[in-house]
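Structure first, then comments.
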C-alpha cells in the first residue's frame, strides 16, 4: 500500500518515538494484520493558525466540557471500537500508547456531556496523539454525540497554540479534515517542518 516504508519491528516506546522523530508512524494494514510503518507523500497537516471554526462549532463547544489527559485509555478504547469502519487499533496499540501516556509522551483531549440529574457525565468525544518537542501527531478521534470530535479538535488546537506547538500532523487529509483547514504538503517540506518542531521545547497541553 502507498506510504508503507517498512513492515515488522515492535511497539516498544523507544521504537515508536524514534519512528515519529524520523517522520514515520505505526499502523496496522488491517485489524489483526501486519504492523506497518508509514510515511505518506503527500502528508496531511493542520496549520495551527488555519483551523476553520464555524459559529455552529463555537456554539456546540458550549454544550460540552473538556479535559486533558483525564481518560486516555477510554479515549483510545473508543477509537479502537471494532464497530467503526476501517478500524485497525488493537489491544497491542492500546497497551503501547497507554505506556507512552504513562511516560508523558501520549496525550488525550476528552469531551464530556453536561452532568445529568444524577450528576454523572458521559465521555462523548475525544482525540489522542503523541507530543515530542513542538510536534504533535494526531492519531485518532471519535464522537458519540454530534460535533463532539470537532470540539475535541478545537480544544486540542487551542492548547497546542498556547503550548508553543509548531507542527500538527494529521497523517492523511480527508474531506472532513480539509473542511476544518487541513492541507497536504510534500514529504520534503514535512521533514523540514518536523526537524524545526522537534527542536522546540516540550509541549505542555494541560
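The values are calculated or read from the model by the stated rules, or taken from the named source; none is laboratory data. Computed from a predicted structure; not experimentally measured. All Cβ positions, even for glycine, are placed from backbone atoms using ideal geometry, and neighbour counts span all protein chains on display.
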Return yes or no: is residue 189 in a loop (DSSP other than H, G, I, E, B) and in contact with a strand residue (DSSP E or B) (Cβ under 9 Å, 6 or more places away or on another chain)? no
* To do: Could you please let me know if residue 165 is under 17 Å from residue 125 (Cβ atoms), crowded, with 21+ Cβ neighbours inside 10 Å, touching a strand residue (DSSP E or B) at 6+ places or on another chain (Cβ under 6 Å) and at pLDDT 95 or above?
  => no
Conditions (1) in contact with a helix residue (DSSP H, G or I) (Cβ under 6 Å, 6 or more places away or on another chain); (2) without any contact (Cβ under 8 Å) to a residue 60 or more places away in the chain; (3) under 30 Å from residue 192 (Cα atoms) -> residue 136 fails only (2)
For residue 149, the lone unmet condition from (1) assigned to a strand (DSSP E or B); (2) within 11 Å of residue 109 (Cα to Cα) is (1)
Residue 92: passes all of (1) buried (at least 16 other Cβ atoms within 10 Å of the Cβ); (2) under 23 Å from residue 172 (Cβ atoms) but (1)
Condition set in contact with a helix residue (DSSP H, G or I) (Cβ under 7 Å, 6 or more places away or on another chain) and touching a residue at least 60 places away in the same chain (Cβ under 8 Å), scope segment 1-25, selection surrounded by the fewest Cβ atoms within 10 Å (Cβ to Cβ): answer is 21
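Let's see how each residue does on (1) at pLDDT below 95; (2) buried (at least 17 other Cβ atoms within 10 Å of the Cβ); (3) over 19 Å from residue 27 (Cβ atoms):
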{"position": "123", "(1), (2), (3)": "no, yes, yes"}
{"position": "127", "(1), (2), (3)": "no, yes, no"}
{"position": "170", "(1), (2), (3)": "no, yes, no"}
{"position": "184", "(1), (2), (3)": "no, no, no"}
{"position": "188", "(1), (2), (3)": "no, no, yes"}
Of the conditions (1) surrounded by fewer than 23 Cβ atoms within 10 Å (Cβ to Cβ); (2) touching a helix residue (DSSP H, G or I) at 6+ places or on another chain (Cβ under 7 Å); (3) over 18 Å from residue 198 (Cβ atoms), the single one that residue 144 does not satisfy is (2)
Filtering segment 101-121 down to residues that are under 14 Å from the mean Cα position of the chain (by Cα) and either surrounded by fewer than 22 Cβ atoms within 10 Å (Cβ to Cβ) or in a loop (DSSP other than H, G, I, E, B) (or both) yields 101, 105
The condition of being under 17 Å from the mean Cα position of the chain (by Cα) and farther than 18 Å from residue 71 by Cβ holds, among 195, 182, 131, only for 182
Scanning segment 49-64 for residues that are within 17 Å of residue 113 (Cα to Cα), in a loop (DSSP other than H, G, I, E, B) and free of Cβ contacts under 8 Å to residues at least 40 places away in the same chain gives 62
